[in-house]
Structure formats: structure tokens, C-alpha cells
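The values are calculated or read from the model by the stated rules, or taken from the named source; none is laboratory data. What you see is a predicted model; the values in this text were computed from it and never measured. Positions of Cβ are backbone-derived with ideal geometry, glycine not excepted, and every protein chain shown enters the neighbour counts.
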Amino acid sequence: MFKMKQKASPADVPVYLFKQGNNFESQRFFGAHFENVGETEGVMFRVWAPRAKAVSVVGDFNSWIPSATPMKNIDPQGGIWERFVPGIRQFDIYKYCVTTPADELVFKADPYAFHAETRPANCSKVYALEDCYNWTDDAWQKRAAARDPLDRPMNIYEMHAGSWRTYPDGNPFDYRALARELVPYLTDMGYTHVELMPLMEYPFDGSWGYQVTGYFAPTSRYGTPADFKAFVDECHRAGIGVIMDWVPAHFPKDQFGLYQFDGTNCYEDQNPLRAEHKEWGTMVFDYARPEVQSFLISNALFWLTEYHIDGLRVDAVASMLYLDYNRRDGEWQPNVNGDNKNLEAVAFLQKLNTAVLERKPGALLIAEESTAWPLVSHPASEGGLGFNFKWNMGWMNDMLSYMSTDPLFRAGNHNKVTFSFFYAFSEHFVLPISHDEVVHGKCSLINKMPGDYEQKFAGLRAFYGYMMTHPGKKLLFMGQEFAQFIEWNENQQLDWMLLGYDRHAQMQEYVRRLNHLYQETPALWEEDFSWEGFQWIVPDDSSQNVVVFLRRDKKGGEVIAVCNFAPVLRPDYKFGVPRAGQYAELINSDAEEFGGTGQHNAPVRAKKQPMHGFDYSISLRVPPMSAVILRTPAAKPAKADGPAPKKAAARGARAKPARKTAARKTTGKQAKDA
């Protein structure tokens with residue numbers, strides 16, 4: 001039998017903190033919990049429904065009769081309802097029957113349920129969560145808590161759990177089978193993290209999990225809560241971090257969910273001009289309401305603590321920040337200052353991120369924020385939103401636009417390659433090539449590339465090489481590592497059969513080698529957010545579609561990236577280098593083993609010919625449509641009594657651009673304006 005606890009009462013838990021917005025473990029009080037009352041074993045049910053006239057628990061145990069098991073309002077001012085029901089067992093299904101102010105009966109799933117039925121059924125399930133799994137990842141947890149994620153490698157594989165692989169009959173893997181197949185693949189491919197599209201319980205497959213009805217329940221599509229814990233544990237044992245998409249921006253209108261939970265706007269904003277995203281058909285949380293703050297902050301910490309998740313990628317942050325987001329004139333109301341900022345949402349995000357990082361210092365909090373809102377990834381104490389990472393949507397839009405452009409016209413769009421460096425260090429950026437870029441008619445990445453069959457693969461290899469060397473952490477959506485041709489479809493598995501064709505297998509091998517090179521090369525991740533880690537060599541060769549830059553780690557180790565975005569061989573391309581010695585290829589996207597033409601370079605010795613602000617230069621054979629990464633010779637220690645080293649000229653110097661550029665929008669339009 002399950003471990004029983006002594007009966008809790010409102011005096012035993014900080015109910016007043018819940019009502020103040022400061023109970024960050026509210027799931028320990030609300031929901032369904034196995035308890036003993038005297039000698040009687042059963043389940044204590046508690047729910048928040050402040051304007052309800054009455055609430056009862058219904059299920060198979062009472063034949064779903066609303067009047068059979070009424071709950072008591074133990075906090076009339078706050079609307080907290082409670083009922084102990086003896087004889088309830090693990091996996092028993094239940095709902096709350098709520099009598100609304102209009103005397104209607106609505107049957108609601110438990111907002112704090114730990115488990116739920118699989119769609120199309122939607123009842124909550126009683127589940128003893130705390131003792132359902134024995135973790136084996138203590139070593140991982142200790143390492144993660146001690147690390148600063150900013151100067152660690154982060155190469156994220158974004159995926160949809162139900163369509164990565166399926167059984168022959170089309171059914172998806174459960175959590176444990178997914179772990180058995182996925183974890184060795186991630187390890188072999190050289191990824192450091194996996195990011196899961198939302199796994200909180202959701203009713204509609206086509207929402208991909210972004211319309212949540214069960215915030216505390218991992219979806220039962222793939223198994224039980226214990227099964228999901230086993231998945232995370234297996235990832236950690238293999239050294240793979242787990243990030244999960246989290247959706248505090250909105251929730252759906254499904255009648256059994258949070259929507260008008262007590263018959264009124266309960267979880268949603270009280271102001272009708274703020275309460276709904278009409279284009280999405282969803283409702284917006286009331287970020288000013290203390291009980292909603294307790295619910296959401298508890299939920300974020302719940303996944304990080306109970307399920308050992310390493311980080312949350314917070315979806316649709318821009319929709320939270322702006323009152324006029326996707327709203328026409330007359331459909332929104334300015335704030336007290338007369339502008340379009342959602343001040344309550346800003347305060348909530350600052351409170352959320354501060355609370356999470358105080359309790360889980362090594363956690364990853366990643367904002368999907370698509371505008372120029374300043375200081376998204378800076379602490380709330382400094383006026384920021386408090387995230388520690390932000391998706392770089394401007395870089396993504398500019399580069400996909402550039403790579404989709406016929407090479408004949410890329411010279412006039414060269415600023416799309418270089419503009420990101422005007423703001424690259426204003427935030428802690430993740431470079432995202434996500435699921436959103438390969439659906440709804442946007443084409444897969446390989447099909448965004450212009451040219452014939454061979455040129456498409458060459459272009460994609462060059463883009464991946466550029467992405468891996470550009471400052472910022474990395475994210476790539478599943479299937480793009482082997483150049484899936486069709487768009488992603490959540491109803492079927494990836495086209496793994498493509499690996500039977502040379503170019504796709506060679507692309508996968510290229511990405512694998514590139515990923516491992518990234519992990520093994522601190523210069524590519526240790527100084528991602530500082531000009532100390534980056535230096536231009538050739539930023540302005542628009543006529544030949546070439547850029548050359550240097551990446552540097554904290555100890556002075558360096559690599560040089562040479563990217564040629566034209567389908568033209570540059571047989572004698574000269575550029576400046578930092579010192580004398582031999583420069584050797586670490587990887588060349590045009591290698592035959594990757595499907596290229598085999599144009600490569602033997603180690604090249606620098607000549608004392610000043611160029612690009614450096615005293616030395618080299619000449620390289622740069623393949624068409626390629627990315628080449630070079631290892632630089634180690635710098636010799638300067639003599640203590642020797643002359644100070646020469647400073648690089650303006651082009652080679654790491655001069656930081658004016659800070660005001662951080663406030664500019666980072667879209668393709670601004671790139672053109674720049």
C-alpha cells in the first residue's frame with residue numbers, strides 16, 4: 001500500500017502564502033493526496049474555486065453523482081474546498097463538479113492532478129507521485145547545480161516525443177522505449193541537451209502540447225509519471241540535459257480545463273480586453289492575481305524538482321509582454337503609463353525567474369521572445385526579466401532569409417550575415433532552428449536551400465558550419481540533422497529511410513562530427529556572450545559572399561571560421577591571421593565523406609604579410625558553398641620585460657559596438673535598414 005501521511009489542515013500549510021502569491025509548492029496542498037484520517041486510509045482532495053457556490057468530488061466511486069460527495073469551503077474568503085474520501089485507490093479517475101454563480105454544473109479536471117486519462121478521455125487520475133520512482137542521477141544533479149550554464153557547451157536537439165520514431169503500426173514509443181532509442185542516438189550525435197515540446201497533459205494532438213489542460217501531469221500518451229521520471233533519469237545517466245517547453249502565456253477553452261473554472265474568469269485575466277488571444281482561441285492568465293502566481297511558479301519549480309528537468313524554454317513570452325500583441329486597435333487597453341507594456345506580466349516574469357534561480361541555481365530559463373525588449377536574459381535586480389537565455393529570433397530570420405536567397409543576389413544581402421554581431425552580446429542568446437521553421441509551408445531546411453540537389457546539401461552544410469561557429473548556444477529541430485526533405489508532420493515518424501541514401505547519411509555524419517568538434521572546442525562556447533570570445537577578420541567581402549572570423553576561449557585558444565556562401569571555388573583566398581605558425585583544418589564541410597567535392601587544404605604556414613589588421617596572413621583554398629574551421633597555432637607567452645603586443649587595427653580589433661544597438665529590433669527589416 002502507498003505511504004500514508006498524517007492529515008494536513010490549513011494550519012499546517014501556508015495557505016496565506018498561496019493567497020499572497022508566494023506559495024511555490026502549492027501542489028503539495030492542492031490536488032489529490034493519499035492520507036490517513038485516524039485509522040482510515042483515503043485521499044484528501046483540495047481545489048481553489050473562489051466564486052463557486054458549491055464543489056463536489058465525483059468519480060466511479062460515487063457513480064458520478066454531484067450531490068454524493070460534497071466538499072467543504074474551508075476558507076470562505078479564498079474559496080478553498082476540501083474533502084477526504086476513504087477507499088480511493090491508485091489510478092482511480094475523478095473530477096470536480098462545480099456549481100457556478102449562475103447555478104450551472106460544470107465538471108472540471110483537477111488543475112493540480114499528477115496524472116490524467118489519455119485523450120479523448122479527460123478525467124484526472126489519483127496518483128501517488130513522491131515514491132513512484134527511485135532516482136539514480138545524484139551525481140548529475142550535483143554537477144548541474146555547480147555549473148554556470150553560460151560558459152558551458154549547449155547544443156540542443158529539439159524534438160516532438162510522439163513523432164521522432166514510432167512502432168511499425170504507427171503508435172508512438174512510450175517514455176521508457178523512447179529513452180532506450182533516443183539517448184544512445186543523442187550521445188552518438190554529440191548533442192548536450194534534448195528539448196521536448198510540451199509534455200504537460202493536453203487534449204488536442206494538433207496543438208503539439210502548446211494548449212495545456214493538465215499543468216502538473218506529464219501526458220499519459222506515452223506512459224505514467226514514473227515512466228517519464230525514468231526517461232529523464234536515463235538522459236542524465238548518459239550526460240544529456242533535459243529541457244522542456246513550458247506554456248504560461250495562455251491556456252485553451254476546453255470546458256473541462258482551467259477555462260472559467262468556477263464559472264467566472266478564475267485563472268484568466270479579469271479584464272476582457274486582456275483575457276483572450278482571439279487569433280489562437282486561448283485565454284490569458286491573470287498575472288496580477290496572487291493565486292495564479294502561486295499556481296504558475298509552483299508549476300515551474302515542480303518540473304525542475306519533482307522530475308529533475310534541467311530547464312524550461314518559456315513559450316510565447318512576447319505575447320505576455322505586450323498588451324497589443326496580435327490585437328487590433330480598440331481590442332486592447334493601455335497600461336497606467338499609457339503604453340502597451342503588460343506591467344503585471346513583466347512583474348510576474350521577474351518574480352518567477354528570481355524564485356526559480358534562487359531555488360535551482362543551475363536551472364536553464366530560456367525565453368522565446370521575438371522582439372527587442374531589453375535585458376530579457378539579465379537579472380531582475382538589474383531591471384531585466386530574469387531569464388538566463390533568450391532565443392535569437394532576429395538571427396534566425398535573417399539567416400534563413402539569406403540562405404534562401406539565390407547566391408547571385410546574396411551580395412546585396414550580406415548584412416543579414418553580419419548584422420547579428422551588432423547585438424550578439426546584448427543578451428545570452430540561443431541560436432534556434434526550431435520546429436516553427438519547418439512547418440506550415442515554410443519548407444524543411446534542405447528545401448530552403450536554392451540550387452540543384454548537390455547545391456542544396458552544400459548550402460545546408462555551410463549554414464550548419466556557420467551556425468556552429470557563431471556566438472550563442474545552438475538548437476536544431478529533429479530530422480534536420482539528416483536533411484529530411486518534407487516538412488515535419490506530428491502524425492508520422494521522421495523519414496529515417498532517407499539514411500539509406502548517401503547524401504542524407506553523409507549529412508548526418510557531418511552534423512555528428514560538427515557536434516563533437518563543438519563540444520571538444522572551448523573556443524566555440526566558453527566566451528559566447530562577450531567580445532573577448534569573438535573577432536572579425538573579414539566581415540565585408542560581400543562581392544564574394546565570404547566571411548572570416550575568429551573565436552577565442554578563456555585561455556586564449558582560438559579557431560578561425562571561413563564561410564563561403566557562393567557556389568564558386570576561391571582557390572587563393574588571403575586573409576589576416578593572429579600570429580606565425582601552422583594553420584590546419586579541423587573540419588571542412590566540402591570533404592568527400594560529407595558529400596562534398598573534396599576541396600581541402602593541407603596545413604598552411606602563415607607568412608609575415610600584414611593583412612586585415614594582423615601582422616601575418618595565409619592563403620586558403622576555400623571550397624564552393626562551404627564552411628572551414630581552422631585550428632590556430634598556440635600563442636607564445638609574452639616575455640615579462642618585453643614590449644607590449646601590438647593592438648590590431650580597426651578591422652581586426654574587438655571594438656564593442658555602441659550599446660544602443662542592443663535596443664534595436666533584430667529582424668530582417670532592420671538588417672536592411674542598417
- Query: When only residues in the stretch 271-299 that are of a type in the set (A, V, I, L, M) and within 22 Å of S207 (Cβ to Cβ) count, which is modelled with the lowest pLDDT?
  - Reply: A275
- Message: Among the residues that make up the stretch 349-371, is at least one of them surrounded by 20 or more Cβ atoms within 10 Å (Cβ to Cβ), more than 18 Å from the chain's Cα centre (by Cα) and either in the same structural domain as L431 (by TED's automatic domain parsing) or part of a helix (DSSP H, G or I) (or both)?
- Response: no
- Query: Here are V559, V622: which of them is within 24 Å of A635 (Cβ to Cβ), touching a strand residue (DSSP E or B) at 6+ places or on another chain (Cβ under 6 Å), buried (at least 21 other Cβ atoms within 10 Å of the Cβ) and not assigned by TED's automatic domain parsing to the domain that holds F477?
  - Reply: V559
- Would you please list the contacts, defined by Cβ atoms under 8 Å and residues six or more apart or on different chains, that run from a residue in the stretch 617-642 that is at negative phi to a residue that is modelled with pLDDT under 80? A638/P645
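If you take the residues in the stretch 135-164 that are part of a loop (DSSP other than H, G, I, E, B) and in contact with a helix residue (DSSP H, G or I) (Cβ under 9 Å, 6 or more places away or on another chain), which one is nearest to G479 (Cα to Cα)?
Applying the first criterion (part of a loop (DSSP other than H, G, I, E, B)) to the stretch 135-164 yields 135-137, 147-148, 152-154, 160-164.
Adding the requirement that they be in contact with a helix residue (DSSP H, G or I) (Cβ under 9 Å, 6 or more places away or on another chain) leaves 135-137, 153, 160-162, 164.
On the way: W135: 31, T136: 30, D137: 29, P153: 21, H160: 11, A161: 13, G162: 13, W164: 8 Å.
Across the stretch 135-164, the extreme among qualifying residues is W164.
Considering G257, G239, which residue is closer than 27 Å to D103 by Cβ, part of a loop (DSSP other than H, G, I, E, B) and not assigned by TED's automatic domain parsing to the domain that holds F107? Can you show your working first?
Working: G239 fails: closer than 27 Å to D103 by Cβ.
Just one listed residue meets the conditions, G257.
Considering only residues of the stretch 80-102 that are out of contact with any Gly (no Cβ under 9 Å at 6 or more places or on another chain) and surrounded by fewer than 19 Cβ atoms within 10 Å (Cβ to Cβ), which is farthest from G42 (Cα to Cα)? Quick ask: steps written out before the conclusion?
Residues of the stretch 80-102 out of contact with any Gly (no Cβ under 9 Å at 6 or more places or on another chain): 80-83, 89-91, 96-97.
Imposing the further condition that a residue be surrounded by fewer than 19 Cβ atoms within 10 Å (Cβ to Cβ) reduces the set to 89-91.
Details: R89: 8, Q90: 10, F91: 13 Å.
Among those that are out of contact with any Gly (no Cβ under 9 Å at 6 or more places or on another chain) and surrounded by fewer than 19 Cβ atoms within 10 Å (Cβ to Cβ), it is F91.
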- Item | Residues satisfying the stated conditions in the stretch 588-614, i.e. under 21 Å from L514 (Cα atoms), surrounded by fewer than 18 Cβ atoms within 10 Å (Cβ to Cβ) and out of contact with any Pro (no Cβ under 7 Å at 6 or more places or on another chain) | E592, E593, G598, H600, A602, P603
- Restricting the stretch 455-481 to residues that are of a type in the set (D, E, K, R) and in contact with a helix residue (DSSP H, G or I) (Cβ under 8 Å, 6 or more places away or on another chain), which is farthest from E368 (Cα to Cα)? K456
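Yes or no: G479 assigned by TED's automatic domain parsing to the domain that holds R313 and closer than 30 Å to Q535 by Cβ?
Details: assigned by TED's automatic domain parsing to the domain that holds R313: yes; closer than 30 Å to Q535 by Cβ: no.
Answer is no for this residue.
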- Task: Scan L408, L400, L385, L375 and give me the residue that is crowded, with 20+ Cβ neighbours inside 10 Å and aliphatic (A, V, I, L, M).
- Result: L385
- Message: Looking only at residues that are out of contact with any helix residue (DSSP H, G or I) (no Cβ under 8 Å at 6 or more places or on another chain) and of a type in the set (S, T, Y) in the stretch 493-544, which one is nearest to Y157 (Cα to Cα)?
- Response: T521
- When the stretch 411-431 is checked residue by residue, the ones that are assigned to a helix (DSSP H, G or I), surrounded by fewer than 23 Cβ atoms within 10 Å (Cβ to Cβ) and either under 18 Å from the mean Cα position of the chain (by Cα) or aliphatic (A, V, I, L, M) (or both) are A411
- Message: Just to be sure I understand the filter: pairs with C-beta atoms under 7 Å, separated by 6 or more residues or on different chains, first member in the stretch 454-474 and farther than 13 Å from A566 by Cβ, second member part of a helix (DSSP H, G or I) and not hydrophobic (A, V, I, L, M, F, W, C). Which pairs pass?
- Response: F457/R503; R461/Y510; M468/Y518; P471/G533
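Return the only residue of H308, H250 being touching an Asp or Glu at 6+ places or on another chain (Cβ under 9 Å) and crowded, with 21+ Cβ neighbours inside 10 Å.
Numbers: H308 fails: crowded, with 21+ Cβ neighbours inside 10 Å.
Going through H308, H250 in turn, just one is touching an Asp or Glu at 6+ places or on another chain (Cβ under 9 Å) and crowded, with 21+ Cβ neighbours inside 10 Å: H250.
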- Message: Take the conditions in the same structural domain as G479 (by TED's automatic domain parsing), closer than 30 Å to A128 by Cα, assigned to a helix (DSSP H, G or I) and of a type in the set (A, V, I, L, M) and apply them to L186. Does it pass?
- Response: no
- Item | Residue list for the stretch 369-390, filter: under 17 Å from N155 (Cα atoms) and touching a residue at least 60 places away in the same chain (Cβ under 8 Å) | N388, F389
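Determine, yes or no, whether F91 is part of a strand (DSSP E or B), among the aromatic types (F, W, Y) and not assigned by TED's automatic domain parsing to the domain that holds H236.
Working: part of a strand (DSSP E or B): no; among the aromatic types (F, W, Y): yes; not assigned by TED's automatic domain parsing to the domain that holds H236: yes.
Judged against the criteria, F91 is not a match.
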